[in-house]
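Okay, structure first, notes after.
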Amino acid sequence: MANTNTQQAARTSRTGRRSSTRPAVRGKVLARVIVAIQILLALVPTVIIAIWAFADAWPWPDALPQAFSMRGMDLVLSGGAGGGLDSLLLSIGIGLASAALSTLVGAMAARAIALHSWRGRTAFEFITFLPFLVPATVFAMGVQIVFIRIGLAGSVLGVILVHSIVSLPYAVAIMIDITRAAGTRMEEAARTLGARWPVVLTQITAPSLLPGIISSMTMCYIISVSQYFLTLLVGSGKVRTFALVLFPYLTGGDRTVAGAYGLTFLVTTFAIFFASEILLRRLRALDNAELYAA
Amino acid sequence: MIELKDISVKRNGASVLDSLSLVVPSASFVSVLGESGAGKSTLLSVISGLLPQDSGQVLFDGEVIDDVPTHQRKVAVVFQDSRLFPNMTVAENVAFPLRMQGVAKEERLQAASKTLASVQLEGMEGRSPSELSGGQRQRVALARALAGNPSAILLDEPFSGLDESLRDEMRHLVLALHEETGTTMLMVTHDAREALMMSDEMAYLAQGRVVQFGTPADILQHPAAEEVAASFGSTLAIEGAVENGQFTCRKLAVPAPGCANGPAVLLRTHDGSVDVHALSGAEANLS
């Protein structure tokens, strides 16, 4: 009797589980398929770019190139006037500088918008998003005239500034959310425990905003390194960033060189973010070690 | 000693604190009881300097400190939501006020361990705040407030996020630490039992004003206003003990003449009468 009861209980629980897990399993499969499609969409073009970077001749409809060569990579990684290395380093420098600048300004604007109430706050918040609404060409023309007048046209500083302006709305949008989430609770606690503002800023506020700072810098860096038209106009063609050098090869049809440039672009971007991630982890580990080294 | 003189705070045109005056004697434990919205937390923010008052003065030991910034006031706050720094370990959190005072690393970590032991959290030094339970987090917050040796500790509903069983344990711990360190403590709460049991003196706050100030026994037996009486609920029962004609529970001491020594219950009924019933059967009528 007791035995049949337990068997029955086991059966119901088994069927119960089956009926409840079925939609979950289906959802999981669906999720995996979607993720697989996403990975394919990103991976297939990347692989094609990577193959083109080393292809010498790849006529249609061959599945693979007939011959390989290092011609593209040699050109991209060689220094001097015709090479890509100088422009690559310039792009990384401009990208990091403008990412740092717009994230700093964005963080301050976000703080004013998210944590303080003052007259004109809503208008100010709207103004920070205006660059989203103004077409890039219109903006570029106007900025070029202003920069020519104040002597910033054709300079690296001018390009850094204009990239920062373009990426600023993204920085503000990212920083507003995280600043609002972090609030002032921890800062208040630190102040009551004797922390003056520089300590609060570096020990409490900055660490709590760190994920946002990283996302914002990533976003702004990518926006900067992929600017073509603005860089060309404001840099007067004299500030030759990677995107500027890459563009003629894309339109000119030398796919080997274009592929090599594209591949280098991707690899350096990834490398910079792996490096910053590792650096951040190191810094955190150091911080703990400093306190526990007896 | 903390003194508040005619403190007024307005927010969006509405009065939050309305010329409030209050004295917290040195080394005492004072509670501010009131419903939410009565201005209790605002009161603590004014004392800690996080929120400047619109008018009135705050005095520490007779000196006006209105222009002293928060970080120099030496009043630590224990918040309802702990507010432990997530990027620091438990020991780093507790050592934080000492670090702000420029205490050397080794010394401050030793002190942190000692303070952690006093809140029964030995061996938790290396943990991250996210690994702790709510009760443990609040103990760390308490240890962190104590570690800097502040002249006063402000407690903002410190137990309201905890289970009832934990709450009583924490009340006991806070009182033991108060006695041990002699630090002035000002606690804000909406729990009348808590205020009655823990305080040397207590204030009832409503609409930004002190309605009544006195000893817990006084306020329990002679509430000055309807709303003070209402804060005790329809019936209030506090378990304690009677010794030589006096009922005590933690700090609450109410005379209970004729009541037998031993465990007893203090009962306040909806009609306002306060009786002590010895659990052995004898009874004392107080009103």
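Of all the residues in the stretch B:72-86, those that are among the charged types (D, E, K, R) and surrounded by fewer than 21 Cβ atoms within 10 Å (Cβ to Cβ) number 2.
Any chance the stretch B:137-144 includes a residue that's among the basic types (K, R), facing another protein chain (nearest Cβ under 10 Å), touching a residue at least 12 places away in the same chain (Cβ under 8 Å) and in contact with a Ser or Thr (Cβ under 9 Å, 6 or more places away or on another chain)? Taking every residue of the stretch B:137-144 in turn, at least one turns out to be among the basic types (K, R), facing another protein chain (nearest Cβ under 10 Å), touching a residue at least 12 places away in the same chain (Cβ under 8 Å) and in contact with a Ser or Thr (Cβ under 9 Å, 6 or more places away or on another chain). Of all residues in the stretch B:243-268, none satisfies the criterion of being of a type in the set (S, T, Y) and in contact (Cβ under 8 Å) with a residue 24 or more places away in the chain. Residue selection: B:V188 fails the criterion of being out of contact with any strand residue (DSSP E or B) (no Cβ under 8 Å at 6 or more places or on another chain) and surrounded by 20 or more Cβ atoms within 10 Å (Cβ to Cβ).
Within the stretch B:164-174, one or more residues are in contact with a strand residue (DSSP E or B) (Cβ under 9 Å, 6 or more places away or on another chain), at pLDDT 95 or above, closer than 26 Å to B:L220 by Cβ and more than 14 Å from chain A (Cβ to nearest Cβ).
Does the stretch A:191-208 contain any residue that is over 19 Å from B:N93 (Cβ atoms) and buried (at least 19 other Cβ atoms within 10 Å of the Cβ)? The answer is no; no qualifying residue exists.
Answer yes if at least one residue in the stretch B:87-102 is surrounded by fewer than 22 Cβ atoms within 10 Å (Cβ to Cβ), on the phi < 0 side of the Ramachandran plot and more than 9 Å from every other protein chain (Cβ to nearest Cβ), and no otherwise. Within the stretch B:87-102 (the criterion being surrounded by fewer than 22 Cβ atoms within 10 Å (Cβ to Cβ), on the phi < 0 side of the Ramachandran plot and more than 9 Å from every other protein chain (Cβ to nearest Cβ)), the answer is no, since none of the residues qualifies. B:V64 satisfies every condition listed in (1) over 22 Å from the mean Cα position of the chain (by Cα); (2) surrounded by 15 or more Cβ atoms within 10 Å (Cβ to Cβ); (3) β-branched (V, I, T); (4) more than 14 Å from chain A (Cβ to nearest Cβ) except (2). In this structure, does A:A114 turn out to be touching a Lys or Arg at 6+ places or on another chain (Cβ under 7 Å) and within 25 Å of A:I178 (Cβ to Cβ)? The answer is yes for A:A114.
The set of residues from the stretch A:143-198 being more than 14 Å from chain B (Cβ to nearest Cβ), of a type in the set (S, T, N, Q) and within 27 Å of A:F126 (Cα to Cα) comprises A:Q144, A:S164, A:S167, A:T179.
Among the residues of the stretch B:147-160, those that are under 20 Å from B:A95 (Cα atoms) and either within 11 Å of chain A (Cβ to nearest Cβ) or surrounded by fewer than 24 Cβ atoms within 10 Å (Cβ to Cβ) (or both) comprise B:A147, B:G148, B:N149, B:P150, B:S151, B:A152, B:I153, B:L154. Of everything in the stretch A:209-235 that's in a loop (DSSP other than H, G, I, E, B) and surrounded by fewer than 20 Cβ atoms within 10 Å (Cβ to Cβ), which residue is nearest to the other protein chains (Cβ to nearest Cβ)? Only one residue tops the list, namely A:S226. With respect to the stated conditions, B:V77 is within 14 Å of chain A (Cβ to nearest Cβ), in contact with a strand residue (DSSP E or B) (Cβ under 7 Å, 6 or more places away or on another chain) and not in a helix (DSSP H, G or I). Picking from residues in the stretch A:241-270 that are assigned to a loop (DSSP other than H, G, I, E, B) and more than 21 Å from the chain's Cα centre (by Cα), the one that is nearest to A:W52 (Cα to Cα) is A:D254. Can you find, within the stretch B:102-160, the residue that is farthest from the chain's Cα centre (by Cα) among those that are over 29 Å from B:S26 (Cβ atoms) and small (G, A, S)? Checking each candidate, the answer is B:A104.
Tell me whether the stretch A:166-181 contains one or more residues that are surrounded by fewer than 17 Cβ atoms within 10 Å (Cβ to Cβ) and outside any helix (DSSP H, G or I). Checked the stretch A:166-181: no residue is surrounded by fewer than 17 Cβ atoms within 10 Å (Cβ to Cβ) and outside any helix (DSSP H, G or I). Of the residues examined, B:L44 is not one that is within 13 Å of chain A (Cβ to nearest Cβ) and assigned to a loop (DSSP other than H, G, I, E, B). Among the conditions (1) away from chain B (no Cβ under 14 Å); (2) out of contact with any Gly (no Cβ under 7 Å at 6 or more places or on another chain); (3) outside any helix (DSSP H, G or I), the only one that A:K238 does not satisfy is (2).
Residues that are more than 14 Å from the chain's Cα centre (by Cα) and of a type in the set (D, E): does the stretch B:180-202 have at least one? Yes - at least one qualifying residue is present in the stretch B:180-202.
Taking the stretch B:230-245 as the range and being surrounded by fewer than 17 Cβ atoms within 10 Å (Cβ to Cβ) and more than 13 Å from B:H277 (Cβ to Cβ) as the test, the residues that pass are B:A230, B:G233, B:S234, B:E243, B:N244, B:G245.
Confirm whether A:S276 is at positive phi, at pLDDT below 90 and hydroxyl-bearing (S, T, Y). For A:S276, the condition - at positive phi, at pLDDT below 90 and hydroxyl-bearing (S, T, Y) - is not met. Answer with yes or no whether B:S55 is surrounded by fewer than 21 Cβ atoms within 10 Å (Cβ to Cβ) and among the hydroxyl-bearing types (S, T, Y). Yes; evaluated as a whole, the condition is true for this residue. Listed by first and then second residue, the pairs with beta-carbon distance under 9 Å, at least 6 apart or on different chains, first residue in the stretch A:130-143 and surrounded by 11 or more Cβ atoms within 10 Å (Cβ to Cβ), second modelled with pLDDT under 85 and in a loop (DSSP other than H, G, I, E, B), are A:G142/A:V134. Within the bounds of the stretch B:121-129, is there any residue that is surrounded by 16 or more Cβ atoms within 10 Å (Cβ to Cβ), of a type in the set (D, E, K, R) and closer than 15 Å to B:L173 by Cβ? Taking every residue of the stretch B:121-129 in turn, none turns out to be surrounded by 16 or more Cβ atoms within 10 Å (Cβ to Cβ), of a type in the set (D, E, K, R) and closer than 15 Å to B:L173 by Cβ. All of (1) closer than 24 Å to B:R137 by Cβ; (2) modelled with pLDDT of 95 or more; (3) within 14 Å of another protein chain (Cβ to nearest Cβ) hold for B:V32 with one exception: (3). Among the numbered conditions (1) of a type outside the set (A, V, I, L, M); (2) in a loop (DSSP other than H, G, I, E, B); (3) touching a residue at least 12 places away in the same chain (Cβ under 8 Å), the only one that A:S98 does not meet is (2). Taken over the stretch A:250-264, the residue count meeting the criterion of being crowded, with 20+ Cβ neighbours inside 10 Å and in contact with a Phe, Trp or Tyr (Cβ under 7 Å, 6 or more places away or on another chain) is 5.
The values are calculated or read from the model by the stated rules, or taken from the named source; none is laboratory data. Fair warning: this is a prediction, and the values are worked out from it, not measured in the lab. Don't worry about glycine lacking a Cβ; one is built from the backbone with ideal geometry, like all the others, and counts go over all protein chains shown.
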